[in-house]
Amino acid sequence: MLAIMGAMDEEIELLLTDLQDRETLERPGATLYRGVLDGVPVLLTRGGIGKVNAAMTATYLLLEGADRVIFTGVAGGVHPDLRVGDIVVSTDLVQHDVDVTALGYELGTIPGEVPAWAADERLRVAALEAAGEVEGVRALEGRVASGDQFIASAGDVQRLWTRFGAACAEMEGAAVAQVCAKAGVPFVVIRSVSDTADHDANVDYRTFMPLVARHAKQVVRGMLARL
Ligand code: ADE
């Protein structure tokens, strides 16, 4: 079954409102919903903020039978061309806050794990096509950098751009990617840019988050028609 995840209520509430035949599954620290969206059987959940919550909730989804996972939400733009309202479809994902360099590993690499987790080609194509249909939205493909940090400085943006080649920064995607990759389950992360991760990021994020979360949700709906 297709699973759709967001981190916050604002990222999934519009999908939840339209979920038909809704069944609620309570799990420790998370609530999952099973139902039908635009005729497609889905699992839907708000996973909470940060990598640990994301990994835990993704695991619950997989145990419930998820065979594809779409993560939808907002991000801080890192790629210099990105503006608020643009959409990033993940090519691959890194965990920018992992640092085992003292033991000789590349920054971002967890010993024994790949340095970046690749998103599913078919889901990526469907997401890009669907994004192309959302009025006034520019979509690009790029690397998503995740970490347990809200990025709000030009220095950090520069670091994520030069060290990782990241297009955007958020706090969950690469954790979901790591869990899905271990289970061999295809995934994609779709992020709508709410801020440009600089010193105004906190203000822009609060202002634009509800608006741009709607864009990401529209992309998910466009994908449902294609999958
Ligand atoms: N989500 C939205 N904006 C973000 C930022 N600047 N850093 C991390 N996660 C975000």
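The values are calculated or read from the model by the stated rules, or taken from the named source; none is laboratory data. Fair warning: this is a prediction, and the values are worked out from it, not measured in the lab. Cβ atoms come from the backbone with ideal geometry, glycine included; neighbour counts cover every protein chain shown.
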(request) Go through the stretch 24-47 and count every residue that is surrounded by 17 or more Cβ atoms within 10 Å (Cβ to Cβ) and assigned to a loop (DSSP other than H, G, I, E, B). (result) 1
(message) Test of understanding: among Leu160, Leu107, Leu93, which residue is of a type outside the set (Ser, Thr, Tyr) and within 16 Å of the chain's Cα centre (by Cα)?
(response) Leu93
(request) Determine which single condition Thr17 fails, assuming it passes every other condition in (1) within 24 Å of Leu211 (Cα to Cα); (2) surrounded by fewer than 16 Cβ atoms within 10 Å (Cβ to Cβ); (3) touching a Gly at 6+ places or on another chain (Cβ under 9 Å). (result) (3)
(request) Output yes when any residue across the stretch 64-74 is surrounded by fewer than 16 Cβ atoms within 10 Å (Cβ to Cβ) and among the hydrophobic types (A, V, I, L, M, F, W, C), and no when none is. (result) no
(request) Pick out the one residue from Gly35, Gly6 that is touching a helix residue (DSSP H, G or I) at 6+ places or on another chain (Cβ under 8 Å) and either closer than 18 Å to Arg191 by Cα or at pLDDT 95 or above (or both). (result) Gly6
(request) Just give me the residues in the stretch 98-112 being part of a loop (DSSP other than H, G, I, E, B) and either loosely packed, with under 15 Cβ neighbours inside 10 Å or in contact with a strand residue (DSSP E or B) (Cβ under 8 Å, 6 or more places away or on another chain) (or both), in sequence order. (result) Asp99, Val100, Gly104, Glu106, Gly108, Ile110, Pro111, Gly112
(request) Output the qualifying pairs, or none if there are none: Cβ atoms under 7 angstrom, residues six or more apart or on different chains, first residue in the stretch 192-219 and under 19 Å from Gly142 (Cβ atoms) and of a type in the set (Asp, Glu), second residue assigned to a helix (DSSP H, G or I) and within 9 Å of the ligand (Cβ to nearest atom). (result) Asp195/Ala201; Asp195/Asp204; Asp195/Tyr205; Asp198/Val157
(message) Given the condition more than 16 Å from the ligand (Cβ to nearest atom), without any contact (Cβ under 8 Å) to a residue 24 or more places away in the chain, aliphatic (A, V, I, L, M) and assigned to a helix (DSSP H, G or I), answer yes or no: does some residue in the stretch 55-73 qualify?
(response) yes
(message) Show me the helices (runs of 4 or more DSSP H) found entirely inside the stretch 116-227 where at least 1 residues are surrounded by 20 or more Cβ atoms within 10 Å (Cβ to Cβ) and within 12 Å of the ligand (Cβ to nearest atom).
(response) 154-164, 173-183, 201-224
